[in-house]
Amino acid sequence: MTETTGSSSLLPLEGVVAIVKRDCPTCVLVAPVLCDLAQRGLITTIASQDDPTFPGEAASCGITIFDDRDLELSYRAGLEGVPTLIRFSGGVEVDRTVGWSTSLWSTFFDDVSMLTSYNTMPKQRVACGSRTLDFGMPERLAVRYGGEVLRSRQIELATDEDEWEQMFSRGWSDGLPVVPPTPERVMRMLAGTTREPSDVIAIVPPDLIECTVEKIAISAVMAGCLPEYLPVVIAAVEAACTSEFNAHGLLATTYFSGPVVIVNGPKAGLIGMNSGVNVLGQGNRANATIGRALQLVIRNVGGGIPGGVDRATFGNPGKLGFAFAENEKESPWSSLATERGVDPGRSAVTLFAGEGPRAIVDQKSRTADSLARSFAACLRTVAHPKLAVAFDALVVVSPEHGRTFANEGWDKARLKTEVLSHLQLLGSDIVRDAGGIAEGVPLNLADSILPKFRPDGLWFLYAGGDAGMFSAIIGGWVAGQEGSTMVTKEIAS
């Protein structure tokens, strides 16, 4: 009679194991052959993924059917399709074949052609997908059988506790609902990178806590990211935690700004980031969640909580998460990442300590010179019209404005030079109390001419919708060593 077992006592295995499932036409087709092989002692075990009574023919063969509905055997064997035949010797796999093929099976079993059932079979049938690959199953099995892949402490909630409300009450949220980071979801997220979960990516301020790939994956799950976004989030965390970017100072300042993530290269297109209509607004999953994941890392790993170390007087809505892509495909210029030393065709993130966007409205200028002067007039207001050198700025140039410059052959370097030439400020106009305004630069600079921005403090990129003669200024935080410097990191797999 047929014996059914469901423990791992069959391991280490010996001889040939056939792994099948009833819900597979190819497995049903080959069941008579499996029985014939078992009768001749050529198969020692049949493992069934979904029905411990399948194949029924095994009952007449006296073969042991291994109940693999928990899929431990299939998972440990790395199964992708059924039927699969695996030959073990001393518990070690020495050969395998997947699906049905008369030529492959006759090679696998030297005398299989002598079987009546074999000779009545079609020459070939494709394998069915293994249950280990069903949606959500790889992550569940990895958590169950994959060893200690995840090292983060798991929080157990009572049956009647609302997990969403618990995450709010425990202070893990940025004010919006976050996705519960179950082990299965975290494992699925980790599939988006080739890095090991235990790899330390950065030391996250303000508490200076080691941040692993696993911790970033947890934050990415909570933010609503897809696995393919994870390499971008990892690069953003790396950039944010550099001394040049100075995330600790950015948190502690009472100023408006927070991390702005700009993505360049093929990766932006592959993950569907928005670089066009409503580029700085809502509606795109990648844009909305990548910057949010970075902020959740800073909050939940680094301890950067508003009202604690985060001392912003106002902040800005972008501190929930501010990420977008440059429209390189249609841009007349080289990309921001290329300007910053990244080879063309490579993907990168650039972090800028920025406030919320403000508008440049110029619907009249039809020459590059006139439009550059408009840009300069608007840029003069960054932080305050009477403050010079202290703040950086990023300008997002729209397609309509970009065409005005491109039609006269202006590249980014020319645009920057022309705009900066209109931002040379007379010290007498911007010293304290000039114009009846107490704010301004020190009085000893009254005879100077001061640039509004430091030489490396003004940047341009191309994005936005086709309609509308507008561009956007993202004003920066304090520039240089006392504040933050723009940082660019390549995106690794």
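Numbers below:
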item: Order of exposure, largest accessible area first, which applies to 267, 386, 215, 329 with probe 1.4 Å; result: 329, 215, 267, 386
item: Cα centroid separation - region 360-388 against region 43-73, whole Å; result: 76
item: Debye equation applied to the C-alpha atoms of region 340-409, log10 I(q)/I(0) at 0.11, 0.15, 0.24, 0.27 Å⁻¹; result: -0.37, -0.67, -1.12, -1.19
item: Among beta bridges that DSSP assigns inside the chain, antiparallel share in %, nearest 5; result: 65
item: Residues of type lysines that residue 452 reaches as a straight line, Cα spacing below 29 Å, ignoring anything fewer than 8 places off in the same chain; result: 319, 364, 386, 412, 416, 489
item: Per residue, in Å², the accessible surface of region 345-473 once ligands and nucleic acids are set aside, probe 1.4 Å; result: 42
item: Backbone N within region 458-493 under 13 Å of label point (7 Å from residue 359 Cα along the Cβ vector); result: 468-473
item: Heavy-atom accessible area per residue - region 40-100, 1.4 Å, Å²; result: 38
item: For region 123-139, 3J(HN,Hα) per residue [Karplus equation, 6.51 cos²θ - 1.76 cosθ + 1.60, θ = phi - 60°, Hz, x = Gly/Pro]; result: 5, 7, 9, 6, 6, 8, x, 5, 4, 5, 9, 4, 4, x, 6, x, 6
item: Length-normalised contact order for the chain - Cα pairs under 8 Å, 6+ apart - percent; result: 13
item: Cα-based reach from residue 123 at 23 Å (exclusive), listing lysines while leaving out same-chain residues under 8 positions away; result: 21
item: Separation of the residue 170 and residue 408 label points, Cα + 7 Å toward Cβ, nm; result: 5.8
item: Euclidean distance of C-alpha centroids, region 16-42 and region 473-493, integer Å; result: 62
item: Accessible area of region 49-146 belonging to carbon and sulfur atoms, whole % at 1.4 Å probe; result: 50
item: Of all accessible heavy-atom area on region 444-485, the percent that carbon and sulfur account for (1.4 Å); result: 55
item: Sequence of 118, 75 from largest to smallest accessible area, 1.4 Å probe; result: 75, 118
item: Exposure of residue 226 as accessible area (Å², to 10), given a probe of 1.4 Å and all protein chains; result: 50
item: For residue 431, residues with placed amide H under 5 Å, excluding near neighbours; result: 441
item: Accessible-area value, residue 137, 1.4 Å probe, nucleic acids and ligands omitted, Å²; result: 20
item: Rounded Å value of the spacing that divides the Cα centres of region 252-277 and region 134-167; result: 30
item: Computed accessible area, residue 203, all protein chains, 1.4 angstrom probe, square angstrom; result: 80
item: Accessible area (Å², per residue) of region 239-308, counting only protein heavy atoms and a probe of 1.4 Å; result: 35
item: Environment charge at residue 479 (Cβ cut-off 15 Å; Lys +1, Arg +1, Asp -1, Glu -1); result: -3
item: Which labelled figure in [x] 39, 27, 20; [y] 47, 27, 23; [z] 63, 25, 16 is semi-axes √(5λ) of the Cα gyration tensor in Å, once derived from the coordinates; result: [z]
item: Extension gain, residue 226 back to residue 159 (0.36 nm per residue minus Cα-Cα distance, nm); result: 21.3 nm
item: Two-decimal ratio, region 199-314, of alpha-carbon radius of gyration to 2.2 N^0.38 Å; result: 1.03
item: Mean shadow area of region 377-476, taken as a quarter of the surface of its Cα convex hull (nm²); result: 6.7
item: 410, 172, reordered so the largest accessible area comes first (probe 1.4 Å); result: 172, 410
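The values are calculated or read from the model by the stated rules, or taken from the named source; none is laboratory data. A quick note: this is a predicted structure, and the numbers were derived from the prediction, not measured. Note that we place each Cβ from the backbone using ideal geometry, even for glycine, and neighbour counts take in every protein chain shown. Remember, those area values only see protein heavy atoms, side chains included, never the ligands or the DNA or RNA. Shrake-Rupley method; radii C 1.70, N 1.55, O 1.52, S 1.80 Å.
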